[in-house]
Amino acid sequence: MNAAGIYSIDVEAVATGTDHNARSVAQISLVDQHEQVLLNLYVRPPVPVVSYLYPLTGLTHELLEQYGLPLEQALAILRANLPKNAVIVGQNIRKDIEWLGLKESVDYGSLVDLVRRP
């Protein structure tokens, strides 16, 4: 078996409502252990956007309209580029993985979350 590669996934979300948890995936990035950006996918939210949270995300209506993919298409591209034995490293990475619906031992090998919990 080949040694697992180390990857990082980052998800940016836009606000689709007025409460903190009303969010929709709007950008998915995949970076390898050599700091090479493998994917930078924009996702067109399936529901109306209340705020693009531009100061935090850098995302705009125009950007997502021009380059955005349906979420299912973006996830298929991500899964095709993420090795099944990948070690995913990130800060609070479990939330990004949850948003994407990725499953350990199915879509990737394991996680290393850099957030220290008490």
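Tell me which label goes with the value of Kirkwood radius over Cα pairs in Å computed from the coordinates here: (i) 16.7; (ii) 14.0; (iii) 14.9.
Recomputing Kirkwood radius over Cα pairs in Å here gives the entry labelled (iii).
Given H placed on each backbone N at 1.01 Å, which residues far from Tyr108 in sequence or on other chains put an amide H within less than 5 Å of it?
Lys103
How much length, in nm to one decimal, is gained on full extension between Leu56 and Val112, taken as 0.36 nm per residue of separation minus their Cα-Cα distance?
17.8 nm
Need the C-alpha centroid separation for segment 1-49 versus segment 60-115, integer Å.
That distance is 6 Å.
Step through the residues of segment 18-31 one at a time and calculate ³J(HN,Hα) from phi using the Karplus curve (6.51 cos²θ - 1.76 cosθ + 1.60, θ = phi - 60°), rounding each to whole Hz and writing x for Gly and Pro.
Whole-Hz 3J(HN,Hα) from phi for segment 18-31: 9, 8, 4, 8, 7, 9, 9, 4, 10, 7, 10, 10, 10, 10.
Taking H as built 1.01 Å from N, whose amide H comes closer than 5 Å to the amide H of Leu38, not counting residues under 5 places away?
For Leu38, the qualifying residues are Leu30, Val31, Asp32.
Tell me the angle of helix 71-81 to the major Cα principal axis of the chain, expressed in degrees between 0 and 90 and rounded to the nearest ten.
With both axes taken from Cα atoms, the answer is about 20 degrees.
Output wanted: per-residue J couplings in Hz (rounded whole) for segment 53-64, from phi through Karplus 6.51 cos²θ - 1.76 cosθ + 1.60, θ = phi - 60°, x for Gly and Pro.
With coefficients 6.51, -1.76 and 1.60, one gets 6, 3, x, 9, 9, x, 8, 9, 4, 4, 4, 6 Hz.
Tally up the carbon and sulfur contribution to the accessible surface of the chain as a whole percent, 1.4 Å probe, everything protein left in place.
Using a 1.4 Å probe with all protein chains present, the chain comes out at 52 percent carbon and sulfur.
Residues with amide H under 5 Å of Val50's amide H, sequence separation 5 or more or different chain, H placed in the peptide plane at 1.01 Å from N; which?
Here the answer is Ala15, Thr16, Gly17, since their amide H atoms fall under 5 Å of that of Val50.
Counting only C-alpha contacts under 8 Å and six or more residues apart, can you give the relative contact order of the chain as a whole percent?
Values: 214 pairs, mean separation 30.1, N = 118.
About 25 percent, as a whole number.
Once you list every other residue whose beta carbon is under 13 Å from the beta carbon of Val11, what net charge do they have if Lys and Arg are +1 and Asp and Glu are -1?
-1
Quick one: accessible area per residue over segment 24-102, 1.4 Å probe, rounded to a whole number of Å²? Before the final figure, lay out the partial values.
Working: 4490 Å² over 79 residues.
For segment 24-102, the per-residue accessible area is 57 Å².
The values are calculated or read from the model by the stated rules, or taken from the named source; none is laboratory data. What you see is a predicted model; the values in this text were computed from it and never measured. Note that we place each Cβ from the backbone using ideal geometry, even for glycine, and neighbour counts take in every protein chain shown. Ligands, DNA and RNA are excluded from the accessible area calculation, which covers all protein heavy atoms including side chains. Shrake-Rupley method; radii C 1.70, N 1.55, O 1.52, S 1.80 Å.
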